[in-house]
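Down below is the structure, laid out as structure tokens.
The values are calculated or read from the model by the stated rules, or taken from the named source; none is laboratory data. What you are looking at is a predicted structure, and each value in this text was computed from that prediction instead of being measured. Glycine gets a Cβ as well: all are built from the backbone with ideal geometry, and neighbour counts include every protein chain shown. Protein only, heavy atoms only, side chains kept; ligands, DNA and RNA dropped before computing areas. Shrake-Rupley method; radii C 1.70, N 1.55, O 1.52, S 1.80 Å.
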Amino acid sequence: MKGRNKLVVLVVILAGLLSATARTGLLAKYAERQTVVPRTQLDSVKTDPETGLAVDDQLMLVKAQCTACHSSKLILQSHFSRDKWIERIRWMQRTQKLWDLGESEPVILAYLVKHYGPVERPFDGRREPLKNVKWHKLETGR
Ligand code: HEC
């Protein structure tokens, strides 16, 4: 094969590789978005009237351990993955005197990820779109 032909073959191979990685990169981005919808976004999930936290068997435990220092709103507004929740708990333990959660930790974590896990849409820190809006019916009075 002549030098010039070799070069052409090389360029074609490189272009193929590049487009393949670009596509898998896109796929990975897409896969990231396919995360679970937090159960609290489903209207069927009951919430505790006092704290707004989702009602399930772990509510009392989470309420006792996680609303002693601050409002439950800090939890309600969060949409963290399991790793991120662990990181937040470690941060509170390091800097905010949060105690060792011991055997409760995995239970609390499961509750947090189940109810306050990542959102389906990329969450940019703004509020979620309104749901169940009761629009006024405009009268077309003549
Ligand atoms: C010992 C006190 C204490 C306890 C108990 C505590 N926290 Fe916190 N937490 C803090 C403080 C202090 C902050 C910072 C508050 C602020 O920024 O105003 C904080 C912040 C947070 C934030 C906001 C962090 C962020 O980066 O957005 C979340 C979420 C949170 N806590 C969740 C929890 C959960 C879940 C629990 C139960 C495992 C818990 N906290 C228990 C002291 C505590």
- Message: Restricting to region 103-131, name every residue that is open to solvent by 100 Å² or more (accessible area, probe 1.4 Å) and at pLDDT below 85.
- Response: 121, 124, 126, 127, 130, 131
- Task: Output the number of residues of region 64-94 satisfying the condition of being within 6 Å of the ligand (Cβ to nearest atom), without any contact (Cβ under 8 Å) to a residue 24 or more places away in the chain and hydroxyl-bearing (Ser, Thr, Tyr).
- Result: 0
- Within region 81-110, can you find the residues that are within 14 Å of the chain's Cα centre (by Cα), outside any loop (DSSP other than H, G, I, E, B) and of a type outside the set (Asp, Glu)? 82, 84, 85, 86, 88, 109, 110
- Task: Of the numbered conditions (1) at pLDDT below 65; (2) open to solvent by 60 Å² or more (accessible area, probe 1.4 Å); (3) not in a helix (DSSP H, G or I), residue 44 fails exactly one; give the number of that condition.
- Result: (1)
- Message: So the check is Cβ under 8 Å with 6+ separation or different chains; which pairs have a first residue in region 1-25 that's at pLDDT 70 or above and a second one that's charged (D, E, K, R)?
- Response: none
- Item | Residue list for region 56-97, restricted to those being within 24 Å of residue 129 (Cβ to Cβ), open to solvent by 70 Å² or more (accessible area, probe 1.4 Å) and not polar (S, T, N, Q) | 73, 74, 84
